[in-house]
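Presented below is the structure to which this report refers.
What follows draws every value from the coordinates through simple rules; no lab data is involved. Remember, it's a predicted structure, so these values are computed and weren't measured experimentally. Glycine also receives a Cβ, built like all others from the backbone with ideal geometry; neighbour counts cover every protein chain displayed.
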Amino acid sequence: MPITGLSLSRPLVAPALMGVECVKDVRNPVFIADLHLSGKSKRTLLSFWWFLQTRARRFDELFILGDFFEYWIGDDACSPAEPIAKALRKYASQGRRVFLMQGNRDFMLGEDFARHCGGTLLKTQAVIEVRGQRMLLSHGDEWCTLDNEYQAFRRQVRDPAFQTAGLEMTVEERIAFAKEARAKSVQTKSVKTAEMMDVVDEAVLADCRRWDARIVIHGHTHKPAHHDCGTFERFVLPDWNLHGEHGIKPRRGWIELDEAGRPKLVMRHGVFW
C-alpha cells in the first residue's frame, strides 16, 4: 500500500519532542485507546471503521489515547496504515477534530503521521477544558510506578536521543528491535503481579495537582472502570479485543460525556454495534 500525500519532516524529528499539551474549545468529545491495530487484527480494524461510520459521527472531537497501533517504527514506515489514515482524514473532513497520543506500543508515532490523518498529535499528557471541567488525558503507563523495569524501559525509548538514533536505523533494523522488545515484554509479564502492572493513584494525584485537574481519562491497563479517588476521579478506557484473547470476552468501547458533562464509560460486545 503506497503512502499518498504524506509530507515528512527533514530531518526526521524525535516524536518525544512533538505534540501539544492543551486543547481548547472542546465541545463534544469521545475517547478511545488500546485498539492495537495491525494486519492481524482484522476484526478490530473492521469494528473501528464501523465506529467511524456510525457512533463516532455524534461527536465533534475524537481523542485516541495511545496504543492505536500494535507497534510503530516511525512515520517514514507508515505505508501499511494508509487505509486507517484515509478513514481518519475522511472523518476529520466532515468538520470534526482528531487527536492522537502515543502509547507504550506506538511511542514512535509523530506529528507527520498525525497530520496525515487530518489530526493533531498530543503530548504524553494533555489537558482539555470542556463544559467547565478541566480533564487530564494520558495513555497511563507512566503511572505504573511499581514496575521499575518497565519504567526504565519507558525512559529509554522516550528519550529524544534514543528516538533520533532509532530513526537513523533501517526499517529492517527497527522491526527487529520491535520484535525483540515485544518478546521480552511477553516474557517479563508472566512473572509480574497485577498490582505491579496497574496504575498507582498517588502518582496520578501528583500530576492532577500539577495540571490542576480533577478528572483523569487514560487507557493502557485494559481494566475499564471508574475510580473515585476522593480528590480526583479516574476513568479507564477499555481495550478493543475483538478476538477474545487472554480469556476475555470480545469487547470494545469508549468514554463520552453525559448530559451533565461527566465522563461515561460505554462498553460493547461483538464486531458490530
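Annotations
- Label-to-label distance, residue 248 versus residue 54, with points set 7 angstrom from Cα along the beta-carbon direction: 2.1 nm.
- Over 24 Å (Cα to Cα) - which of 42/86; 24/123; 184/264; 223/264 fall in this group: 184/264
- Virtual paramagnetic centre 7 Å along Cα→Cβ of residue 187, amide N under 16 Å, in the range 129-151: 149-150
- The chain: antiparallel DSSP beta bridges as a percent of all, rounded to 5: 45 percent
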